[in-house]
Amino acid sequence: MINEKFTVVAIDDEESILINVEKKLKKFFECEVNSFTDPDEAVEFIKNNKVDLILLDVLMPKKSGFEVLEELKNDKITKDIPVIMLTVRADAEAIDEAFERGADDYIIKSSYENEFLARVKRILKAKKMERELLNYERDKVALQLGGGIAHHFNQPLTVLTMGFEIIRTILSNKHPEALQEIERYLKMCEDSTERISKLVDKLSSLKKYDTMRYVGDLEIINLSVDNINNKKED
């Protein structure tokens, strides 16, 4: 069994087929199955959700599977999602058309069980490898970015720290009354600089990180000092 959870969309005008497909998939794979008898509703869902695999019937009354496939492959949001065509048509012409329009596989409904599961497994395994590669590249970029930030921030932070002391010394010698008035603000600036300095120190040796929700579906690296401390202790 593939352990990572995937999202699958099944499109077929026959409810019984969808029920059967969902049972088979959930029995052998960790996946969420979203079933649709209406192809337009399915396409709308696919465009607005992260989908790993589409199972698409060829013969449907409202819109053929080939038309749906073409629509998906012509949309930059959905064009890279793997599609397996499910059909009773076994003729060479239909199979050729499916692959010409961008299908990843073509399964005759009468041959379901073992062949169906094997082909789904092949595509989901490839999807898992793709995810792992993307995660590796993302982690690599994030950690390189952390090191770069640390490298470029160290010198300005040193200048700031020295600058506060120079300002304090000059005011103490020449304008002690002014120093009393701005000491609180100098301390605020020093505290903020120290916080940034601690964060930069952690970034320079960061090995792990997690993310936090920012706006909408966007996630950013969680750079709170407490979070980084916890990650380093793991």
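Within a Cβ distance under 9 Å of residue 102, other residues only, what is the Lys/Arg minus Asp/Glu net charge? Please list the in-between numbers first.
Details: positive: 73, 79, 101; negative: 70, 100, 104.
With Lys, Arg at +1 and Asp, Glu at -1, the neighbours total 0.
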Gyration tensor on Cα atoms of the range 152-201, a ≥ b ≥ c root eigenvalues, a/c under 1.5 rounded, else prolate if a/b beats b/c, else oblate, says oblate
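Past 28 Å, Cα to Cα: identify those pairs from 174/198; 5/63; 26/127; 24/76; 24/73; 63/125, in the order given.
Pairs exceeding 28 Å: 174/198; 5/63; 24/76; 63/125.
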For the range 51-61, in residue order, the Karplus 3J(HN,Hα) values (coefficients 6.51, -1.76, 1.60; θ = phi - 60°; whole Hz; Gly and Pro = x) are 10, 9, 7, 10, 9, 10, 5, 7, 9, 9, x
Residues other than residue 17 with Cβ under 9 Å of its Cβ, Lys/Arg counted +1 and Asp/Glu -1, net out at -4
Against the 2.2 N^0.38 Å rule of thumb, the C-alpha Rg of the range 1-86 sits at a ratio of 1.02
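A short reminder: the numbers here are calculations on the coordinates, not readings from a lab. Just so it is clear, the structure is predicted and the values come from calculations on it, not from any experiment. As a convention, Cβ positions derive from the backbone with ideal geometry for all residues, glycine included, and neighbour counts pool all protein chains shown.
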